[in-house]
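Quick notes on the structure that follows.
Please treat every number below as a calculation from the coordinates, not as lab data. The shown structure was predicted, so the numbers you read here are calculated from the model rather than taken from an experiment. A quick note on method: Cβ atoms are made from the backbone with ideal geometry, for glycine too, and the neighbour counts reach across all protein chains shown.
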Amino acid sequence: MKHKIAIAILGSLVLLSACGDQLPTDIPTPYYYQGFIDRGWDKYEDEIFINEQGNGALDYFQDAIDCNVQGIEGFLGAGWSALFVSDEWRIADNYFYMAIQFDAEAFPIMTPGEFQVQDTMWTVFECLHPDLPPAVLDPILELTADSGMIWVAEQIEDIIDDDPIPYSFQPLESDPIAMFTATNAYTGAASTVDSIAGGLIYMTAPQTKMSIGGDNYYVWINVDDQMNYEYRTFTATGSETQYTYDALAGIIMLQDIRGENGDALLACAAAWGLDQLNSDYLFGSGKDYAGLEDINNVQLKGVAAATAYANLAFKFAWFTCMSEGYGTYLDPDDPGFEVLLMAVIEDMLNYEG
């Protein structure tokens with residue numbers, strides 16, 4: 001049997017050799033992984049992202065992934081190509097996730113959802129109001145230390161007038177990097193986050209008027225009140241390369257173009273995290289695809305601020321702008337603050353470096 005098979009193979013070779021120059025001359029050279037990558041970026045540069053012929057940038061990057069399921073650049077290119085194909089937005093996140101996972105060996109952004117309860121000694125959410133120094137606060141705290149739901153606001157209403165009260169607090173998890181609001185589970189009032197520094201969340205709690213037993217109370221964060229919040233953390237592994245930087249940039253852009261379906265907190269966390277990893281970020285730096293996008297940290301922070309703005313997180317959007325030196329002159333109490341903030345964000349988006 002083996003002899004007959006060998007004869008058959010030999011006969012085939014003879015037939016092929018006899019054909020000589022009659023063989024087809026248009027057989028394409030196989031690309032394999034790097035060939036698909038190169039073709040993908042070529043099509044990307046030509047702005048041919050997907051087509052019916054199956055030879056658009058996204059097609060080639062998907063072919064590269066098929067060749068090497070751990071190829072970082074294949075996932076990265078597919079993610080960036082998918083940004084320009086609306087039907088593929090739903091999986092673009094997956095491409096960026098895989099690029100970072102293989103490059104950094106872990107995805108750095110986590111989403112803790114937590115709640116904390118104000119204790120009787122007011123050490124969880126600490127009041128920072130300038131008109132409430134210890135000489136004013138301490139007697140109130142002594143009166144309310146064992147009083148459960150006693151309304152502290154009733155004691156200090158005349159002092160602060162109608163002003164909201166700023167607070168700071170430390171989340172239970174570590175490394176908070178992006179957060180928009182904390183909501184009082186008892187009153188339903190949402191407190192806006194002003195900034196995040198040194199692991200502390202700084203926020204402003206509004207006055208909420210409540211009627212209980214026929215009496216009106218002005219409340220903020222009170223003893224035994226539960227505050228619910230969601231935020232993002234960012235933990236670098238130390239293994240990140242340009243591929244991770246470019247994937248984080250893609251995540252930011254994706255959340256923006258998704259509009260109301262985008263994850264604004266994710267965009268902000270990616271922008272702040274990228275800034276931590278590489279404050280001089282430029283797309284594709286040191287790679288063959290460098291220069292295909294003209295994107296830098298100022299623009300990406302502007303995109304992140306725009307997503308926060310769209311989610312009515314104006315204070316955090318402003319904080320993001322100021323981190324790049326923009327909008328430091330703005331006053332949040334100015335009636336035109338939101339319009340002026342929008343102009344600042346536009347300036348960041350148009351920054352050319």
(request) Any chance you could check the Cα centroid distance between segment 246-300 and segment 70-134 for me, in angstrom? (result) 13 Å
(request) Given the options 212, 91, 37, state which has the largest fluctuation in a GNM of the chain using a 10 Å cut-off (strictly under) for Cα springs. (result) 212
(message) Going 7 Å from the Cα of residue 101 along its beta-carbon direction, which residues of segment 55-93 have the amide nitrogen within less than 16 Å of the resulting point?
(response) 65-66, 68-79, 91-93
(message) If each residue of separation counts as 0.36 nm, what is the full-extension length gain between residue 172 and residue 333 once their alpha-carbon separation is subtracted?
(response) 54.9 nm
(request) Please report 81, 285 as a ranked list, fewest other C-beta atoms within 10 angstrom at the top and most at the bottom. (result) 285, 81
(request) Could you point to the label whose value was computed as semi-axes √(5λ) of the Cα gyration tensor in Å for the structure here, given (i) 40, 26, 17; (ii) 35, 22, 19; (iii) 58, 21, 16? (result) (iii)
(request) Quick one: work out Rg over Rh on the C-alpha atoms of segment 239-353, Rh as Kirkwood radius. (result) 0.98
(request) In debye, nearest 20, what is the charge dipole magnitude of segment 113-233 about its Cα centre with +1 on Lys and Arg Cβ and -1 on Asp and Glu Cβ, if you could check? (result) 360 debye
(request) Take the Cα radius of gyration of segment 113-233 and divide it by 2.2 N^0.38 Å, with N its residue count; two decimals is plenty. (result) 1.02
(message) Please give me the summed charge of the neighbours of residue 346: other residues whose Cβ is under 15 Å from its Cβ, Lys and Arg +1, Asp and Glu -1.
(response) -4
(request) Using per-residue counts of other Cβ atoms within 10 Å, averaged over each peptide, order 235-245, 178-188 from highest down. (result) 178-188, 235-245
(request) Given the options 99, 57, 290, state which has the largest fluctuation in a GNM of the chain using a 10 Å cut-off (strictly under) for Cα springs. (result) 290
(message) On a full-extension model of 0.36 nm per residue, what is the gain between residue 349 and residue 230, subtracting their alpha-carbon distance, rounded to one decimal in nm?
(response) 40.1 nm
